[in-house]
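Here's the structure we're looking at; comments come further down.
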Amino acid sequence: MSKSRIEARFAALKAEGRAAFVPYVMAGDPDAATAAAILKGLPAAGADLIEVGFPFSDPMAEGPPIQRAAQRALANGMTLKATLEAIRAFRDGDADTPVVLMGYTNPLVTWGLAAFARDAGAAGVDGLIIVDTPPEEAGPLADACDANDISLIRLATPTSDDARLKVVVSRTSGFVYYVSVAGVTGVKEADAVAVAPHVERVRKASGLPVAVGFGIKTPERAAAIARVADAVVVGSALVDEVAAAVELNEDVTARVLSKVEALAKAVRVARHGLAPV
Amino acid sequence: MNAPAVPNDYSAYPDARGRFGDYGGQYVPETLMPLVHDLDAAYAAAKADAGFQAELAGYLTHYVGRPSPLYFAARLTEHFGGAKVYLKREELNHTGSHKINNCMGQILLAMRMGKTRIIAETGAGQHGVATATVCARFGLPCVVYMGSVDVERQKPNVFRMNLLGAEVRPVTSGSATLKDAMNEALRDWVTNVHDTYYLIGSAAGMHPYPVMVRDFQAIIGREAREQILEAEGRLPDAVVACVGGGSNAIGLFHPFLNDDGVKIIGVEAAGSGLESGRHAAAINGGRPGVLHGNMTYLLQNQEGQIEEAHSISAGLDYPGIGPEHAWLHDVGRATYLSATDAEALDAFMLLSKLEGILPAIESAHALARLPEITREVGKDGIVVLNLSGRGDKDVNTVAAHLGRVI
Ligand SMILES: Cc1ncc(COP(=O)(O)O)c(C=O)c1O
């Protein structure tokens, strides 16, 4: 069921002739109730797929925005169990929007890989991105995902040459995540012209849709990427909205969802009246 | 889980995937995978190259000051009244600790790989100083990441690094200590993939660092083995070292692993006591998990979130341990004891008074277990302890704990 949720969504978007907009939100940020409200509001605000980060104390590939989001969530007692519960609650109201969990290996090792994949599948998780489990270490996790019909989504990067790409796309499904900059999340900006040939390379190597993320902050940039990629992921810019709303004592949910709307709209209209780049 | 198999030949590990049994591996973001594969290949080639080894040996002799003496500590031996105690005097190396052995090896490798910028993490500042030193010697720019808490408690070493031309970047994320410095160094590496060499300071992190750092530090054990055979005509009954990430310990231990009669004893930092929860003893108080690119014993909570380590010693203040130690523990080849802050302080003062040697507070953790070890080994026995560093850097810390102002 779950794998097909991702496939069905990309197939539908392909028919519409547009890229997917994929917001990344941190589970439990700034607190469980607010994060749940944000999650629930995402599809109506224009999310085609959703990435849900689960917090880890030592996120080595994240820049300051997502590091701080994880710290906010952990400080408010967020757990992996509560993350799955939040996704289950989301699924009760939305049977179609794919949800991909993203995070680091150690909390899954603690849970047990096989048990985690089973529980995540039961909660309605469609895909997993585990940043510090590269293909070389992914055997047991890939087995666990396969057994529960969860896509193990791989990262391709500017450092992936053709030989490496072959390794990266082995045993993967759903889509491939192209990390558009060498660096951590939320620091450098992605350049659509530079990214385009890589997206094409990854598409060819994998036969799967390619999502681009890591350096996309504005609607303009999101639109530019949407012209060359199958999906546009925005994370740091959204968790920064959480931080700003908390700081200014504003309505966190409203502030985040309005940013999502702006980004999603930019992605939706990106290819109108424009020849493909 | 079944008990892991005891190997016939310890030198055959790690396997090609960087595994010591279940431990080790390469759990790094995809951006870094090509880089760690390159490093693995470059190190394998350098290791097999007699020219590289000869160049390294030359610098170790003439710049670092090797071999370091193996010193019979007569008064310490007499004080404990048990086995003879020999100290492997790594504190006499240039820059005052064993860290330079590894830095010299890695900087030569970095240059061989054509890298033009060096980054490192440091806790006590000893590895940072050693890295800054070799970077000065070979004219390479150097950035050292150091937790802001450690910057505060190791000020003299920060200044030393500055004098050597290195930029010290204080890290405020997380607990602002060694593990966070390592996170930040990894973030730098992910960002500067083309020109930067990450010079890791312990036998920890992702493959090939644990095996490479072990190989560069194994000169300690090779020398000690020869020296004790020369002095006593036989192998020791036990070899002892403090364990943070585990580089000085594995450097001493490795050449003795296949000698069945030699007990291998590591000493972890127990901070305020193992039962207090405020310690840095990954094996004695943690469980296996994945951090900084490898599977090993870690301090972590029920959820798999990494916990802060606590130790008087900045150099042992790390929530993990190198994967080879995790494996040696599981297969039963090595024993891991622990020593508290207070015990280390007592040992610091004891060695200063009895032998005229100020030990690094890290090394003092190993010294602190000598009463039991020398008693157990007994009067006719021999114990070799790695004096991994000198204690000059720690006088402020020691004074503070004694309630003295200097
Ligand atoms: C003198 C000394 N000994 C030991 C250590 C601990 O490191 P390792 O366990 O890698 O030897 C340090 C680290 O800074 C040190 O400075």
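Readers should treat all values here as calculations from the given coordinates under stated rules, not as data from a laboratory. Computed from a predicted model, the values in this text were never measured in an experiment. All Cβ positions, glycine included, derive from the backbone under ideal geometry; neighbour counts span all protein chains shown.
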* Structure fact -> For B:G389, the residues 5 or more places away or on another chain with a placed amide H closer than 5 Å to its own amide H are B:E91, B:A360, B:S363
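For a protection proxy built on the mean count of beta-carbon atoms within 10 angstrom, sort A:203-213, B:93-103 highest first, please. Display every interim value, and only then the final one.
Details: A:203-213: 20.8, B:93-103: 26.1.
Taking the mean over residues of other Cβ atoms within 10 Å, the ranking is B:93-103, A:203-213.
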* Leaving out same-chain residues fewer than 8 places away, which aspartates and glutamates sit with a Cα under 16 Å from that of A:K81? -> A:D29, A:D31, A:D119, B:E303
* To do: Using the Karplus curve 6.51 cos²θ - 1.76 cosθ + 1.60 with θ = phi - 60°, work out ³J(HN,Hα) for each residue of segment A:236-253 in order, rounded to whole Hz, and write x for Gly and Pro.
  => 4, 5, 7, 5, 5, 5, 4, 4, 5, 5, 4, 4, 8, 6, 9, 6, 5, 4
* Which far-off residues, 5 or more places away or on another chain, put their amide H under 5 Å from the one on A:D58, with H placed in the peptide plane? -> B:I306
* Signed unit charges on C-beta, dipole axis of the protein assembly as shown, positive-most listed residue A:V169, A:A245, B:S247 -> A:V169
* Using the structure shown, list the pairs from A:K204/A:K265; A:K166/A:K265; B:K99/B:K179 with a Cα-Cα distance above 23 Å, or answer none. => A:K204/A:K265; A:K166/A:K265
* Asked: So how far apart, in nm, are the two label points at B:A44 and B:H194 if each is 7 Å from Cα heading toward Cβ?
  -> 2.7
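For the protein assembly as shown, with only Lys/Arg (+1) and Asp/Glu (-1) charged at the beta-carbon, what is the dipole magnitude about the Cα centre, in debye rounded to 20? Please list the in-between numbers first.
Working: 62 positive and 78 negative charges, 204 e Å.
Value, rounded to 20: 980 debye.
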* Pull the list of the protein assembly as shown cysteines that no other Cys approaches to under 4.7 Å, Cβ to Cβ. => A:C145, B:C103, B:C242
* Which residue fluctuates the most in chain B, going by a Gaussian network model with Cα springs under 10 Å, if the choices are B:N294, B:N183, B:N386? -> B:N183
* So what is the relative contact order of chain A, in percent, for Cα pairs below 8 Å that sit 6 or more residues apart? -> 23
* Estimated inter-spin distance, A:K265 and A:S4, nm [label 7 Å along Cα→Cβ] -> 3.6
* Which ³J(HN,Hα) values, rounded to whole Hz and listed in residue order, are derived for segment B:396-406 from phi using the Karplus coefficients 6.51, -1.76 and 1.60 in 6.51 cos²θ - 1.76 cosθ + 1.60 with θ = phi - 60°, glycine and proline given as x? -> 5, 4, 5, 4, 4, 6, 8, x, 10, 9, 10
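Taking every DSSP beta bridge that has both residues in the protein assembly as shown, what percent is antiparallel when rounded to the nearest 5? Numbers along the way, then the final one.
Values: 15 of 74 bridges.
Of all bridge pairs located within the protein assembly as shown, approximately 20 percent are antiparallel.
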* **Separation of alpha-carbon centers, segment A:65-111 and segment B:118-151, rounded to whole Å** => 36
* Under 26 Å Cα-Cα from B:K84, which lysines qualify once same-chain neighbours fewer than 8 residues away are excluded? -> B:K263, B:K353, B:K379
* Structure fact -> Amide H proximity to B:T340 below 5 Å, modelled H, separation 5+ or other chain, gives B:A270
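Under the rule a/c < 1.5 gives rounded, and otherwise a/b versus b/c splits prolate from oblate, where does chain B land using the Cα gyration tensor?
Values: a/c = 1.29, a/b = 1.21, b/c = 1.06.
Rounded, because the longest to shortest axis ratio a/c is under 1.5.
In segment B:160-260, which trypsin sites (Lys or Arg not before Pro) fall in coil by DSSP and have 15 or fewer other Cβ atoms within 10 Å?
Working: sites: B:R160, B:K179, B:R187, B:R214, B:R222, B:R225, B:R234; in loops: B:R234.
Loop-located and lightly packed - B:R234.
Specify, per residue and in Å³, the volume enclosed by the convex hull of the alpha carbon atoms belonging to segment A:1-155. Spell out each step's value before the answer.
Values: hull volume 16.9 nm³, N = 155.
Dividing the Cα hull volume of segment A:1-155 by its residues yields 109 Å³.
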* In debye, nearest 20: dipole of chain B around its Cα centre with unit charges on the Cβ of K, R (+) and D, E (-)? -> 740
* Structure fact -> Check: C-alpha center segment B:210-245 vs C-alpha center segment B:30-58, spacing in Å is 23
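Rounded to the nearest 20 debye, what is the charge dipole size of segment A:3-272 about its Cα centre when +1 sits on each Lys and Arg Cβ and -1 on each Asp and Glu Cβ? Walk me through the numbers on the way to the answer.
Numbers: 28 positive and 33 negative charges, 138 e Å.
Computed about the Cα centre, the dipole is about 660 debye.
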* **Semi-axis lengths, Å, the protein assembly as shown, gyration tensor of Cα atoms, sqrt of 5 times eigenvalues** => 48, 24, 23
* To do: First obtain the Kirkwood hydrodynamic radius of segment A:3-272 from its Cα pairs, then insert it into the Stokes-Einstein equation at 25 °C and 0.890 mPa s, and state the resulting D in µm² per second as a whole number.
  => 135
* Asked: Roughly speaking, what is the stretch gain from B:E152 to B:A5, that is 0.36 nm per residue apart minus the C-alpha to C-alpha distance, in nm to one decimal?
  -> 48.5 nm
